[in-house]
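Read-outs: derived from the displayed coordinates by stated rules, not from any lab. All figures in this text were calculated on a predicted structure; none of them were measured in a lab. No Cβ is skipped: glycine too gets one built from the backbone with ideal geometry, and neighbour counts run over all protein chains shown.
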């Protein structure tokens, strides 16, 4: 447990450095915020006044410090462009990304756990080769090509599901789930091979252990041995991969969000950089860094939950 | 041989008495040679594209717009009447250049930085690991967008950016391997004979630590080709009209079903290339790892 606590402490400066680097990086962007706010033909005095009001002429480190203090108190500021609270704008997009991530990751696990166990149990047999081959094919299919194929088959030809757009969960839960099925399948399928492969090799290793031999020699049925005895000790690698995938998905779903026109965090980030909506970008990067840290710690805590030996 | 290979199969290898080392003598399957052949064809076409009798990939032809595949336009033409076959051939260049140059840079940097971190330990190692953690927690997309806005999309800029930014994984692997090899007897022997740090790092550790990185190099190439495809698809790589597989596929999005050849052929080329790289890469990794585990 102490190791996990240490790592948590260690991750705080990492997250802070990410926000600092972002602040300095965004400072490099060409274009004047005041011109965007007031228009190109605004009188010089008005521009000057706005610059002073926003403290834009202060040194960049001073501005960062001010932003950081406010952010630690939970205030991420207001968008220069739309005037919306940054936290509010992030919250809306975060819900979409979260819903998409949960559906995709749930689907990936639903596929990966049975196939991983089966492939590990029947390693080298035809079913293992078939699954390994399928995993190879899907891993080699870039996600944007795969999304397009899914869209053609299920939205354009069969017309079962909407091709683009997002329906809010609060407005219409069923429609909301439907609007995310295709993107979630696209991401879930892309995540499946990695999950299946690590579970497969861990299962193969676990099945060589003495306690499995004991369980088998007691005459327990294979399904019981696999799910009740072999699965839990084989979960360490798959948990690591899930943690990495969750951290990557929050901003990595950009491609899928773009193809299916979903208002997620990835889209927000791109739109905000193009619009020079710097505080939104800063807030989004901070959120992503925090999620990365939390996902990492979650993995460590899960380790301890899975394998009691780690708790000491 | 069976000491390590027998009781725990290396990932991807089939168990059943067959030692990992034995696979070295087994002939490669036909699929391996097919993949290698395809890769050879793609590389040869990309290198020789200028001398091949191809239609100019940028030339528009407003009489033959969106024509299906035929004898003159093998892969058909796009909405501007540009020849898709020629664009697929020329488009492979960007994918291959980024796919080869970026891993070459990031694996080399990762190798040396990881070696130094693992050999000297101490505060230097902490600084390096801190850097790795920051790059892993930082959304690369923001970095890319800012660099594109400040410098513009240039092949060299993209290569340097990904090569320098994306080396966190390689540093981790190299450091972890260095930590295990430093403990080995041959390093102690070299040290006892009075070898300098530099000599130990370059002569003793480097060849051993480089091996696992070399074994994943081809997989890194395929990963980068997919990544570049995704960026082009989003319009964040080399700007049009220069053809890349990714921007050709994106262009086909507008008439997904009516003109499937516009995106189908570049998507097929991308898929086959990535599949071939993954397969060949997996075989290579299996063999290099087998050699290592037989040490």
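Here are a few things to note about the model shown:
- FRET efficiency estimate (nearest 0.05) - Cβ-Cβ, residue B:183 to residue A:153, R0 41 angstrom: 0.15
- For chain B, the longest principal axis of the alpha carbon atoms and the long axis of helix B:260-293 meet at an angle near 10°.
- Percent of C-alpha pairs per 10 Å bin, the stretch B:199-288, short to long: 17, 33, 24, 16, 8, 2, 0
- Taking B:78, B:282, B:185 in turn, the Gaussian network model of chain B (Cα-Cα springs below 10 Å) assigns the largest fluctuation to B:185.
- Radius, Kirkwood style, for chain A when every pair of distinct Cα atoms is counted (Å): 22.5
- Each residue, residue B:80 and residue A:176, gets one label point 7 Å from its Cα in the Cβ direction; the gap between the two is 4.3 nm.
- Inter-label distance for residue A:169 and residue A:290, nm, one decimal - labels placed 7 Å from Cα along Cα-to-Cβ: 1.8
- Calculated on C-alpha atoms, the gyration radius of the stretch A:1-113 divided by its Kirkwood radius gives an Rg/Rh of 1.11.
- Rg [Å, one decimal], Dmax [Å, integer] - the stretch A:39-91, C-alpha atoms: 13.1, 37
- Using every pair of distinct Cα positions in the stretch A:58-186, the Kirkwood expression returns a hydrodynamic radius of 18.6 angstrom.
- Rg(Cα)/(2.2 N^0.38 Å) for chain B, N = residue count: 1.20
- Among A:134, A:295, A:186, residue whose mean-square fluctuation peaks in a GNM of chain A (springs only between Cα atoms under 10 Å): A:134
- Averaging the Cα positions of each part gives two centres, and for the stretch B:122-192 and the stretch A:80-120 these lie 28 Å apart.
- Normalised contact order of the stretch B:220-268, rounded percent, pairs of Cα under 8 Å and 6 or more residues apart: 28
- Among B:181, B:279, B:130, the largest mean-square fluctuation in a Gaussian network model of chain B, built with springs joining Cα atoms closer than 10 Å, belongs to B:130.
- FRET efficiency, 1/(1 + (r/R0)^6) with R0 25 Å, evaluated for residue A:227 and residue A:16 via beta carbons: 0.05
- Against chain A, whose longest principal axis is taken from its Cα atoms, helix A:173-206 shows a tilt of about 50°.
- Pair-distance profile P(r), taking every C-alpha pair of the stretch A:13-72, with 5 angstrom steps and integer %: 4, 15, 24, 22, 16, 11, 5, 2, 1
- Number of partner chain Cβ atoms within 10 Å, mean per residue of B:109-121: 0
- Rough spin-label spacing in nm, given labels placed 7 Å along Cα→Cβ, for residue B:43 and residue A:220: 5.1
- C-alpha long axis of helix B:30-48 to longest principal axis of chain B, angle in °: 60
- Extension reserve of the residue A:304-residue A:58 stretch, reckoned as 0.36 nm per residue once the Cα distance is removed: 83.8 nm
- Taking only alpha carbon atoms, the protein assembly as shown gives an Rg to Rh ratio of 0.98, where Rh is the Kirkwood radius.
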